[in-house]
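Values quoted throughout were computed directly from the atomic coordinates according to the rules given, and no laboratory measurement underlies them. Just so it is clear, the structure is predicted and the values come from calculations on it, not from any experiment. Cβ placement follows ideal geometry from the backbone for every residue including glycine, while neighbour counts extend to all protein chains displayed.
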Amino acid sequence: MPSIAEGLFTDDRSPRLIGGRDPVTGRILFPRPFRDDSEPVALGETGTLWSWTVQRYRPKSPPYAGPETFTPWIVGYVELPGEVIVEARLVDVAIEDVRIGMTLRLMPVLLDPADPASPLIPAFAPMEASV
Amino acid sequence: MSDVCVVGIGIHPFGRTDGLSGLDQGVFAVRQALADAGVEWPDIQFAYGASDAAGNPDTMVDRLGLTGVQFINVRNGCAAGGAALFSAQMAVKSGEFDLGLAVGFDKHPRGAFNALPSEYNLPDWYGEAGYMVTTQFFAAKIMRYMHLFGISQQSLGRVAEKAFRNAVHASHAWRRQPVSLEEILNAPLVSDPYTKYMFCSPAEGGVALVLASEKKARELGKPLIRLKAATMRTRPPHSFEVFAPCVDIVEDDSGRRPTASAVASADAFDIAGIGPGDIDVAQLQDTEAGAEIMHMAENGFCADGDQERWLAEGRTEIGGALPVNTDGGCLACGEPIGASGLRQVYENVVQLRGAGEGRQIPGDPKTAYSHVYGAPGVSAVTILER
C-alpha cells in the first residue's frame, strides 16, 4: 500500500517509521529531515503516550487531504524510548479510554479508512488491542 | 540611558468590521494615537508596522500623508506586534529618532487559521494528514500540563468565564456578553479538553502606539509611561511548539518544557531590574484558556500547579493580587495577529493611566506586563512602568 510520503516507513513486511539521527549530536528527528545528512533510523515500534487530543472539526483543505465526510480522530504524541516523541494518529481506542502513559504499538492506517486506495499514515494502537 | 515612553495610544475595536479593510482599521488606530499624543502625522519620524494577512503596513502612507517617513514592515507570526514594538523602541533608544510609531492590524477569514506546511519548513504530508492545526497543538500542550500539575478542566473554564466578564467593560473587545462557567464547560468540545468557549477566534482590529524619547515625552507634557523592557525571543532546545511532528526526549520529563516565553520573560525582568512579584497587572497570551494558565508559570508569576488555587481564589481577577487579561484578552477580543500583542500594551497603558473605567484595577498600578506567544516558537514581552 502506498504511504502518504516517501521515506516515512521502512519496506519491511511490518513497516517501521524512519527517523533521522544527527551524526554529531545523536539527536533523532521524525520525519527524517528533507535533504539532510542525518542517518536514517528505523524507529522502535512500541512506546507510551506522552500527550494527546481529539481533532473534532475537519481541518481546512488544502492542506488536509482526508475524506470530506469527517469523523473526529485522536492525535497523540508517542514517546519511543531512547529515540524521540512522534506525532501520529491513535486508533483502536475509545476517546474516554485514552490515558497519558498507556503503552502503544505502531499500526499504520489509511488516511481515509473507507477508501482502500487511500495512503497509509503513521498511527499507534494500544498494545492489548494490537496483539 | 533615558527611557522610551509611550505617549499616545489608539485602537480600532476588535471583532468583525465588514466594509473596513485591515489597513483601514490600522489607519483609524494611528489617527487616534496621534490625537492622544497631541502630535500630527508629519511629526512622526519613523514607523514599524505589523500585519500577517492584511497587506503591507507601509501602504498606509497613502492615507496618512506622503511625508517620506521611514516605514518598516514586520512579519513575525503572533509576535509580529511585539517585534514591531521592540524595533520601534530600539530606534528611539539608539538616539536616532525622538518620536515614532508602532502599529499593527489584521483581518483574517472566519474559521481556524489556515497554515501551509511549506511556510514552516515542514513536509507536505504533515498538512495532508491534518496536523497543520494550531488548536491541536494547544490542546495537546495543556493535556500534558494538566496531567503533570493537576490542573482541572474547571480551571480552564474559570479563565474563559473571567475573560468574558472583564470584556463587558472594554469597549474595544469583541465578545462582551458574560458566559456562565456551566455553559462554558458544557459547550461542545473543539479539541479535548477545550470547549468552544475556551479558544479565541481569528478576528480583525488595529492598534497604534506613539513612542517618544523621555525628553520628547516631557515636551509633550504627557504622563511618563516608560517602556522598561521589550524582548522578543525564539525557542530554546527541547521545547514543545506549534506544528511539531516530533519532540525531543529529555532525561527528566516530570517538569515543564523550556519555552520561548520563559526566555523572553526572564530577559525582560532582567532588563527592567524588577521581578514578577513587582508587577501590578499582566496581559498574558490567552489564545486558549490553558495558555493563560501555563503562561502564568512560564512568565514566573507562580509555580506550576499553583494556578488551580490562584483561580479558585480569584487572584487573577480585576480586584485580585495579580489581575490578568483585564480587557478579556484574546478569548474575548479575538486575535488579529498583527494587532494582538499591541492590544495588550494598549490595555496596560489604559490601566496605568487609571482610565480603565469598569475594568480599572484598584490601587494605583505602577507596573504592567504583556506577553505573546506564537508559531513556530516565538515570544515577545514588555514591561511598562509609570
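Before moving on, here are some points about what is shown:
- The A:Asp97 and B:Asp18 beta-carbon pair, evaluated with R₀ = 45 Å, returns a calculated FRET efficiency of approximately 0.50.
- Around the amide H of B:Thr195, modelled in the peptide plane, lie the amide H atoms of B:Val190, all under 5 Å away and 5 or more residues distant in sequence or on another chain.
- Protection proxy ranking, peptides A:88-95, B:209-216, average beta carbon neighbours within 10 Å, highest first: B:209-216, A:88-95
- Number of partner chain Cβ atoms within 10 Å, mean per residue of B:247-256: 3
- The angle between the Cα long axis of helix B:260-272 and the longest principal axis of the Cα atoms of chain B comes to about 40 degrees, rounded to the nearest 10.
- Cα long-axis angle, helix B:289-298 against chain B (0 to 90 degrees, to the nearest 10): 80 degrees
- Cβ-Cβ FRET estimate between B:Val61 and B:Lys366, R0 fixed at 35 Å, reported to 0.05: 0.45
- Working from the Cα coordinates of the protein assembly as shown, the gyration tensor eigenvalues give, after taking √(5λ), semi-axes of 42, 24, 21 Å in decreasing order.
- Most fluctuating residue given options B:Asp98, B:Asp106, B:Asp18, as computed from a GNM of chain B linking Cα atoms under 10 Å: B:Asp18
- For a 4.7 Å threshold on C-beta separation, the list of partnerless cysteines in chain B reads B:Cys5, B:Cys78, B:Cys246, B:Cys302, B:Cys333.
- Scattering curve values for region B:51-183, log₁₀ I(q)/I(0), Debye with Cα scatterers, q = 0.09, 0.11, 0.15 Å⁻¹: -0.48, -0.70, -1.09
- The protein assembly as shown, dipole about Cα centre (Lys/Arg Cβ +1, Asp/Glu Cβ -1), debye to the nearest 20: 1040 debye
- Ranked by the mean number of other Cβ atoms within 10 Å of their residues, highest first, the peptides B:327-337, B:196-206 come out as B:327-337, B:196-206.
- Nearest 10 degrees, 0 to 90: helix B:134-149 Cα axis against chain B principal axis: 60 degrees
- Helical mean residue ellipticity (222 nm; -39500 (n - 2.57) per DSSP H run of 4+; nearest 500) of chain B: -10500 deg cm²/dmol
- Region B:42-92 and region B:133-151 have Cα centres separated by 35 Å.
- Pairs spanning more than 32 Å between alpha-carbon atoms, out of B:Lys196/B:Lys222; B:Lys196/B:Lys228; A:Lys60/B:Lys93; B:Lys141/B:Lys162; B:Lys196/B:Lys366: B:Lys196/B:Lys222; B:Lys196/B:Lys228; A:Lys60/B:Lys93; B:Lys196/B:Lys366.
- Loop-located GluC sites (Glu not before Pro) in region A:39-131 whose Cβ has at most 14 other Cβ within 10 Å (DSSP): A:Glu68
- In a simple Cβ point-charge model (Lys, Arg +1; Asp, Glu -1; nothing else charged), region A:44-126 has a dipole of about 220 debye relative to its Cα centre.
- Remark: mean inter-chain Cβ contacts per residue of B:113-119 equal 2, using a 10 Å Cβ-Cβ cutoff to other protein chain atoms.
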